[in-house]
1. Can you tell which of ASP444, ASP390 is of a type in the set (D, E, K, R), touching a His at 6+ places or on another chain (Cβ under 9 Å), assigned by TED's automatic domain parsing to the domain that holds VAL325 and at pLDDT 90 or above?
2. Quick one: in segment 426-440, which of the residues that are assigned to a loop (DSSP other than H, G, I, E, B) and not hydroxyl-bearing (Ser, Thr, Tyr) is modelled with the lowest pLDDT?
3. Is it the case that some residue within segment 189-196 is at pLDDT 90 or above and of a type in the set (D, E, K, R)?
4. From the set of residues in segment 309-335 that are modelled with pLDDT of 90 or more and polar (S, T, N, Q), which is farthest from the chain's Cα centre (by Cα)?
5. Six or more apart or on different chains, Cβ under 6 Å: which pairs go from a residue in segment 255-282 that's not assigned by TED's automatic domain parsing to the domain that holds GLU206 to one that's surrounded by fewer than 16 Cβ atoms within 10 Å (Cβ to Cβ) and among the β-branched types (Val, Ile, Thr)? Could you list them?
6. What pairs come up if the first residue lies in segment 166-183 and is closer than 18 Å to THR237 by Cα, the second is at pLDDT below 75 and part of a loop (DSSP other than H, G, I, E, B), and their beta carbons are under 6 Å apart, counting only those six or more places apart or on different chains?
7. For ASP350, only one of the following conditions fails: (1) modelled with pLDDT under 90; (2) within 34 Å of the chain's Cα centre (by Cα); (3) part of a loop (DSSP other than H, G, I, E, B). What is its number?
8. Tell me whether segment 402-414 contains one or more residues that are over 27 Å from the mean Cα position of the chain (by Cα) and not in a strand (DSSP E or B).
Amino acid sequence: MVVPGGLGGLRKAGPLQADGVRVSGPDRKALVLTDQSCEQGRHCLSTGYEATFVKNIMLPSSFRLHGVRVETVGSSVWSVDSLQVRVDGQKGRFTGPAAVAKTRPLFFSVGCVTQASELSSVPAGTPCLWPCLGASTAQKYCYVDEEKKKWGYCAPACETKSTEDSQMKSELTCAELNWPTRSSANDDGAVCAASDEAPLKGCSGEVPWSTAQRNCKEVGARLCTRSELEADEAAGTGCGMDRTRVWSGTKCGTNEFLSLVGATAFRGQLKPRCTVADEPLARVRCCADARALRLRFRRSDRDAHALPAGLSIENSGGLMNWAVVSGTNWRGDFGFFLQSGMRGLLAPKDGQHLDVLLSGVHTAPRGGIIEFFYRIDSERQADLLRFFIDEMEQNTGGLPASGTVAWTKASFSFSGSKMKTHTFRWRYEKDGSESLGKDVACIDDIVVHGIRGLEP
């Protein structure tokens, strides 16, 4: 049961013949709240009064509010000063004034929608049907269809977690627990999850919520939130729990917490349910927060002729260093990125190279993932951008690269090693022939997933 409420600020000179608020659900069908749902049946949108709707409507626990539409049936024009909607913790607010007429209804988005991006597969303003995904330091994205095939970047105003969920942090990170942040069911790297992996003590049976919370907390983890379970962050982690009910850390009532099926592929068999915490009705899957190192380049780096912490320069022969410059970044916007020195007499000569290193990176024993964008404009198959992990050259992801290559994303997994830290090296290398193009390579938005931190 959910209670939409707090719709106020509608006024008009004269009585309302018929009016309503249409709340669009994920199936795009409208739920209509009429003047008959006014509190105690009094002051229902009358002149000089504020109206409050308190109408109970049966909705599935997976309901997502995407938009509110206010329309009039009569010919009168109404003025909307403000409008607020609450549905099961989802809030939408409109601040006017706005004139509403039969031919000019008011509509405003609620919840998360996508923003404009050349990389997105849907237009800006498309409602997100799934929670925003992505590591805490990365630009988040959401799926807009049930099949999770179409996606877009979440608008900046999106609330990716409820206030309560955002306060849930694990004592240990994924790297410290050595739990994987990516799986066949989910690869956004935002959190990690486990059902029986050490230091957990094996598969759980059906237990009360307090036991589930304690089992996770004892190892430095926490219960997964509703959003994380619905995003399949814990799916496929073992113990046959993909088809069973799993406790979440999301509160839904007094001494009640949501329990959900372990994998969304089976949510047709088990619907989300608000479950009394004292009852042993669900199993235990634990989540922990991932940590990522993200290097962004800023105006201050360019102006100070400096690099972000952790980056350093090596070159062969006193060449012009890699430098932070301005221009069109990987998003297609004006921004700042790293470029391999300068053109002309300051560029590397034949057989020389320019290296930039990210060193002293602590990661999980199981290893991690590094992602970055690169661009190059050089003599094809001659002047190359190369990439190395712990001095081993990587020959996938389009690298080594040469010729004219627009901004391209590269992603590399690397295993753990006996070394305490990892080193990543980008090299722009010249051969013994002529120079073509701008003769530069560029790097932007470096992200290392699964880190413990940087070497002090």
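1. ASP390
2. GLY432
3. Yes, segment 189-196 contains at least one residue that is at pLDDT 90 or above and of a type in the set (D, E, K, R).
4. SER326
5. Listed pairs, sorted by first residue: none to list.
6. Matching pairs, first to second residue: THR181/GLY189; ARG182/GLY189.
7. (2)
8. yes
The values are calculated or read from the model by the stated rules, or taken from the named source; none is laboratory data. Keep in mind it's a predicted model, so treat the numbers as computed, not measured. Glycine also receives a Cβ, built like all others from the backbone with ideal geometry; neighbour counts cover every protein chain displayed.
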